[in-house]
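To start, the structure itself, in structure tokens.
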Amino acid sequence: MELTKLFDQIDFVLMHGDLDVEIEHLAYHSKKVKPQSLFVCINGTRQDASQFINEAIENGAVAIVTENRSLNYPDVTMVYVEDIRKTLALLSCRFFDQPARQLKMIGITGTKGKTTVAVMIYETLKNSGIKVGLMGTNGIFIGDQIYPSENTTPESYEIQYYLREMVNQGYTHVILEVTSIGIMRHRVDGFTFDIGCFTNLSPDHIGENEHSSFEEYKHYKMELMRRSDVCFINRDDFYAVDMINNANGKVRLYDLTRVVDEPVSAVDYLNEQGLKMKFLYKQLIFTIPLPGKFNVSNALLCIGVCEYLGIDVMTIKETLKEIHISGRSEFVETYPGVNVFIDFAHNALSMENILKTMLHYQPKRLITLFGCGGNRDRQRRYEMGKISGMYATLSIITSDNSRYESTENIMADIIRGMKETSGKYVAIEDRKSAIEFALQLAQSGDMILILGKGHEQYQELNGVKKEFIEKEVILECLPHKEI
């Protein structure tokens, strides 16, 4: 495709060079540049991308897009744009020939529940015979292939690349977890959603390299409602009215008493045959193997979306009965009488939700093990410490993804919140050692919640990611002892 066609309807300034140059590849990482590439020069949070332009040219770039007017590389075409990320999104849509227009696009946003709802809908559509793809926290799913994704909402180029792959393979539906950061950074620009879903909203992702305020965070969550033809909105959430008022398309509501116009009754929040929830819908008893009324809410959203798409209610019921969400209230078998769970809860509200839910099962002791991510809002750390101190018998404070921060300083912030309560705690910086300590401590009747990492298969310390698969670590750390 000629560069001039790629930039059709995109605002730009030609700094120098020829717009008629032929483009065969699009790249925003210099190492992925091939001959006849257009290199989109996007700055990272820690690096100036202009330092990689020479490498891109050496690898075959014939044109450069930048938002830095001072750059001058006379041997290639140079194009200036005001918003480089938005431009990448629009270029990607055009380069891959608008694949979203050939798919039923389902977007899910909210502070909590995105992954659970996405997997519920994905598995239900698959079981109904629909060719459906999924992009989200757990990766990019196309048939039997699972591709890793660095972000819950991938970069715009990756989204368009994989949408094109799905179209080429005959897929008709796609589910996309849509984060506020993903919207703010233009990863989902250039196309709209057939269905947009809102689960809930609470303060999160506010701080360095994220959102400047809760109002900004909310603004970008509402943006999905503006870009969707039909919006499914959780009426139980405090901010439901904001979402409804910002919806441009049709609005369909759900809550713990009904899905759109269908009543839901006999909601049972108590344990029966393990950590399961039951509710009555259309005279059918639904069971989900997940704890907590928030998971009932997630299931009701799945029902609403799937029925809207024409899926038979019995298919939905049978799918939800066997649903498994990696890293979400995931049970790990250790000792008889000891319940160990992995969960992704990584802020105060999600931690409070799961702790209060697990207390319904009246464990002998409720033990938490958690840290907090670095280079994020420090307030989150105090709040998590405070919540764990309020509800847990013992809190084991350890490392999470410290990124470029000192793990010791992060733990100190958590302890500061912990000390506002009378909760007992120990601090063990190495996460594997902390898990080993928790398991050695375990007694029959205890419940141990290992929080914060969930599905993740790595731990990032000092800017370096190392493999850390929590379930495997737990099994490695099991001491040989009688319970």
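The values are calculated or read from the model by the stated rules, or taken from the named source; none is laboratory data. No experiment lies behind these values; they were computed from the predicted model shown. Here the Cβ positions follow ideal geometry from the backbone for every residue, glycine too, while neighbour counts run over all protein chains shown. Ligands, DNA and RNA are excluded from the accessible area calculation, which covers all protein heavy atoms including side chains. Shrake-Rupley method; radii C 1.70, N 1.55, O 1.52, S 1.80 Å.
A few comments on the model shown:
- For region 178-267, a Kirkwood radius taken over Cα pairs fed into Stokes-Einstein (37 °C, viscosity 0.692 mPa s) yields D = 238 µm²/s.
- Region 87-137 and region 169-191: distance between their alpha carbon centers, rounded to Å: 6
- Contact order normalised by residue count of region 371-483, Cα under 8 Å, 6+ apart, percent: 28
- Using the Cβ of Ile342 as centre and a radius below 9 Å, the other residues enclosed give a net charge of 0, where K and R count +1 and D and E count -1.
- Efficiency of FRET from Cβ geometry, Ser444 and Leu280, R₀ 45 Å, rounded to 0.05: 0.85
- Alpha-carbon centroid distance for the pair region 403-472 / region 19-36, whole angstrom: 43
- Antiparallel DSSP beta bridges within the chain, percent to nearest 5: 35
- Per-residue extension of 0.36 nm, minus the Cα-Cα distance of Asp229 and Lys465, leaves a gain of 81.0 nm for this segment.
- Each Lys or Arg adds one and each Asp or Glu takes one away; over the other residues whose Cβ falls under 15 Å from the Cβ of Arg101, this sums to 0.
- Among 14-26, 339-351, the peptide with the highest mean count of other Cβ atoms within 10 Å heads the list, and the full ranking is 339-351, 14-26.
- Alpha carbon convex hull of the chain, volume per residue in cubic angstrom: 148
- Proximal charge balance of Cys477 [Cβ under 9 Å; K/R count +1, D/E count -1]: -1
- Contact order relative to length of region 427-483, as percent, for alpha carbon pairs under 8 angstrom and 6 or more apart: 41
- This model, with +1 at the C-beta of Lys and Arg and -1 at the C-beta of Asp and Glu, gives region 433-472 a dipole about its Cα centre of some 80 debye.
- Extents of region 52-192, taken as max minus min of Cα coordinates on every principal axis and listed largest first, are 56, 32, 24 Å.
- Accessible area (Å², 1.4 Å probe, nearest 10) - Arg185: 50
- Amide H contacts under 5 Å for Tyr458, placed H, 5+ residues apart: Phe468
- Along region 15-30 the Karplus relation, 6.51 cos²θ - 1.76 cosθ + 1.60 evaluated at θ = phi - 60°, assigns HN-Hα couplings of 6, 5, x, 10, 6, 7, 5, 7, 10, 10, 9, 10, 8, 10, 10, 4 Hz to successive residues, with x for each Gly and Pro.
- Peptides 423-432, 102-111, ordered by how many other C-beta atoms sit within 10 Å of their residues on average, highest first, read 102-111, 423-432.
- Eligible lysines near Lys466 by straight Cα distance, threshold 19 Å, same-chain separation 8 or greater: Lys432, Lys453
- Rounded to the nearest 20 debye, the dipole magnitude of the chain is 1260 debye, with +1 charges on Lys and Arg beta carbons, -1 on Asp and Glu beta carbons, and the Cα centre as origin.
- Ranked packing of 299-306, 145-152, most packed first, by mean Cβ within 10 Å: 299-306, 145-152
- Amide H contacts under 5 Å for Lys112, placed H, 5+ residues apart: Asn200
- Backbone HN-Hα couplings from phi across region 398-412 [Karplus 6.51/-1.76/1.60, Hz, Gly and Pro as x]: 8, 8, 10, 9, 6, 6, 9, 9, 6, 4, 4, 5, 5, 5, 5
- For the residue pairs Lys276/Lys317; Lys293/Lys321; Lys218/Lys386, alpha carbon separations beyond 22 Å are given by Lys218/Lys386.
- For region 237-245, 3J(HN,Hα) computed residue by residue from phi via the Karplus equation (6.51, -1.76, 1.60; θ = phi - 60°) reads 7, 4, 9, 4, 4, 4, 5, 4, 5 Hz, glycine and proline entered as x.
- Label-zone membership for region 7-50, site Asn68, 7 angstrom Cα→C-beta point, backbone N under 11 Å: 41-44, 47-50
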